[in-house]
1. Can you put 79, 55 in order of Cβ neighbours within 10 angstrom, beginning with the fewest?
2. Between residue 25 and residue 61, how many nm apart are label points set 7 Å from Cα along the C-beta direction?
3. If we count other beta carbons within 10 Å of each Cβ, what is the order of 90, 149, 53, fewest first?
4. Using alpha-carbon positions, what is the distance between the centroids of segment 14-38 and segment 42-94, in Å?
5. Looking at the chain, which longest stretch skips every one of the GluC sites (Glu not before Pro) that is in a DSSP loop with at most 10 other Cβ atoms within 10 Å, leaving the sites themselves out?
6. Nearest 10 degrees, 0 to 90: what angle lies between the long axis of helix 99-117 and the longest principal axis of the chain (Cα atoms)?
7. Across the chain, how many lysine pairs, 8 or more positions apart or on different chains, have C-alpha atoms separated by under 19 Å? Please give the number.
8. Order by neighbour count: 93, 106, fewest other Cβ atoms within 10 Å first, most last.
Amino acid sequence: MIAVIQRVSESSVKIEGKVKSQIGLGLMVLLGIEDADQLDDIDWLSKKIVNLRIFPDENEVMNKSLLDVNGEILLISQFTLHASTKKGNRPSYIKAAKPDVAIPLYEQMIGALEQELGKEIGTGEFGADMKVSLINDGPVTIVIDSKNRV
């Protein structure tokens, strides 16, 4: 799994012109799922996301986690994170999981993040044409690949 994590002061996702989810202070997470992903990727990545110390403390040092600041999460599925651009100019998405694999893993990630955070998270809709808005706070953007744990 690949996660692009952005620290935000606010973020929202619209589908067909209607707000599906919105958050205030927290993390907007784009999640790419591949066929090789398993439950241990979800477990490891959900814990990593919730406990990342990327929020400022009283000295403006990134030393606080989402839990410390009572932040929120907006999770958006994004198969294009697994794009291969090695050949030609048209990306290949062969590595991205098909919906029959990706949807259950996406739903399990939602559950894992809610459990780690202790509250409901905002989500997009798998496969929908979504319009995502955010105010990147910092800016702080971090990319984590669950296959590169070491």
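1. On the way: 79 19, 55 22.
Taking fewest neighbouring Cβ atoms as first place, the list is 79, 55.
2. According to this spin-label approximation, the distance is 1.9 nm.
3. Details: 90 7, 149 11, 53 14.
Least crowded to most crowded, the residues run 90, 149, 53.
4. 10 Å
5. Details: sites that count: 16, 58, 60.
Between exposed loop sites, the widest span is 61-150.
6. Tilt of helix 99-117: around 10 degrees.
7. 15
8. Values: 93 15, 106 22.
The most exposed by this proxy come first: 93, 106.
Read the figures in this text as sums done on the coordinates, not as results from a lab. All of these numbers come straight from a predicted model, not from anything done at the bench. Because the Cβ atoms are built from the backbone with ideal geometry, glycine has one as well, and the counts that use them run over all protein chains shown.
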